[in-house]
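Let me begin by presenting the structure, written as structure tokens, before commenting on it.
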Amino acid sequence: MRVSCLQENLAKGLSIVGRAVSSRSTLPVLGNILLATDQARLKLAATDLEIAINCWIGAQIQEEGATTVPARLLADFVNSLPSERIDMELSVRTQSLHIRCARYEASIKGIDASEFPLIPTSDGDGAVEIPVNTLRKMIDQVAFAAATDDSRPMLTGVHARFQEDRLIFAATDGFRLSVRLTRLNRPVAEEMAVIIPARSLQEIARISGDADEEHPVEIRVVHARNQVLFHLTGKADGSEKGGFQQVDVVSQLIDSKFPDYEAIIPKSWTTRTVLDTAEFLKAVRVAYLFAREAANIVRLQIRPGDADRPGVLTLTATSQEYGENVTEVEALVEGEPIEIAFNARYLIDVLSVIDTAQVALETTRPGAPGVIRPVGVGPEEFTHVIMPMHISR
């Protein structure tokens, strides 16, 4: 194998696939990145057997070939090189990859590419297409609500339901629930529901920032392999510095039954409080400075307005060690006054992913879940349910 490519492109490709490199595997080859020539491009790949990433970058191919080299060493070395052309040549007999860039040279010992696991690639058949920005927003608004511990594996994933012309993402950790819906350009051939690991979706959101917004993301569910594949196209076909031509992210699905989340979404409210999103978020962040020393509890006292004064939301956080914080935020309040407590960290998480100017908080009673929705979009597009916290009188 003899190939040449730009340092910026190789560094970008390595940063994309590097997140899939296994750090604890007993198989040494899983700590390596695959470099292979593929149709006049350089293909990079990494996998930990749960998530796999293929990335293609522009390159000049003088001789076909493939090898695998230690991921961390290769990435650190390439990132240290100047922004010039990199020449790579493989010695098949010793499986050493010789790298030259400007005045820098190195030989890195690798493992034969035949030992690297086979990673499927997209063939375009039966794919569901969704705009890049839409998918990234859906992931941002849902994945954070998934559980981070493995005691209940199904809660570490995002439930994805493909239904007619709709795609619905939902995630819950047992204390909060995020649901996001979007319309598809064309109906799916068959209705299906799968659980995608939240980690895999977060990697896709990270990569999608460099994808071409004019090309939709293609999603294919491969039931025979219990996998889902996401295909992204790079900007300007990877010709720009630091770009990639295309990326495939392949993730194992979580084989389990997701809870019936629709049953816990309140169907009505007795108090609806509309607030300025940025002002509400700032007030919660200030309260969190005190709440983090007291189980993250922040009290919300909601009072409707009258002819002389507007409605008001009063946030209170108390720390036995540091003191108390009280903040008032003007609000449009419909319904009854209420006092309820929430986890301040959870409020910050959801308010940080809402991009509308106003947000609505719907409540019924102190011991029942609250519902947060952006104001100005369809009521079913984004729904966040947050469980209340117990407050002693």
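A few comments on the model shown:
- Glu191 falls short of the stated requirement of being surrounded by fewer than 15 Cβ atoms within 10 Å (Cβ to Cβ), free of Cβ contacts under 8 Å to residues at least 12 places away in the same chain and either over 27 Å from Ile348 (Cβ atoms) or among the basic types (Lys, Arg) (or both).
- Count of residues meeting criterion [surrounded by 14 or more Cβ atoms within 10 Å (Cβ to Cβ) and assigned to a loop (DSSP other than H, G, I, E, B)] in region 152-186: 3
- Restricting attention to region 134-151, the residues that are in a loop (DSSP other than H, G, I, E, B) and in contact (Cβ under 8 Å) with a residue 12 or more places away in the chain total 3.
- Residue list for region 293-318, restricted to those being under 10 Å from Glu330 (Cα atoms), small (Gly, Ala, Ser) and surrounded by 19 or more Cβ atoms within 10 Å (Cβ to Cβ): Gly311
- Annotation: of all residues in region 240-292 being more than 26 Å from the chain's Cα centre (by Cα) and more than 23 Å from Thr383 (Cβ to Cβ), the one that is surrounded by the fewest Cβ atoms within 10 Å (Cβ to Cβ) is Leu289.
- Residue match in region 6-28 (condition: among the basic types (Lys, Arg) and crowded, with 18+ Cβ neighbours inside 10 Å): yes
- Cross-chain or 6+ apart pairs with Cβ under 7 Å, region 30-56 first and in contact (Cβ under 8 Å) with a residue 24 or more places away in the chain and over 17 Å from Glu203 (Cβ atoms), then of a type in the set (A, V, I, L, M) and in a loop (DSSP other than H, G, I, E, B): Gly31/Val21; Thr37/Met1; Arg41/Ala59; Leu42/Ala59
- Looking only at region 150-175, and only at residues there that are polar (S, T, N, Q) and more than 19 Å from the chain's Cα centre (by Cα), the one that is modelled with the lowest pLDDT: Ser151
- Subset tally (residues that are part of a helix (DSSP H, G or I) and either among the hydrophobic types (A, V, I, L, M, F, W, C) or modelled with pLDDT under 95 (or both)) for region 19-38: 5
- Considering the conditions (1) over 16 Å from Arg176 (Cα atoms); (2) buried (at least 16 other Cβ atoms within 10 Å of the Cβ), Arg373 is excluded by exactly one of them, (1).
- Residue count, region 20-34 (criterion: within 26 Å of the chain's Cα centre (by Cα) and within 12 Å of Thr67 (Cβ to Cβ)): 3
- Tally, over region 281-326, of residues that are part of a helix (DSSP H, G or I) and in contact with a helix residue (DSSP H, G or I) (Cβ under 7 Å, 6 or more places away or on another chain): 6
The values are calculated or read from the model by the stated rules, or taken from the named source; none is laboratory data. Everything numeric in this text was worked out from a predicted model, so none of it was measured. Don't worry about glycine lacking a Cβ; one is built from the backbone with ideal geometry, like all the others, and counts go over all protein chains shown.
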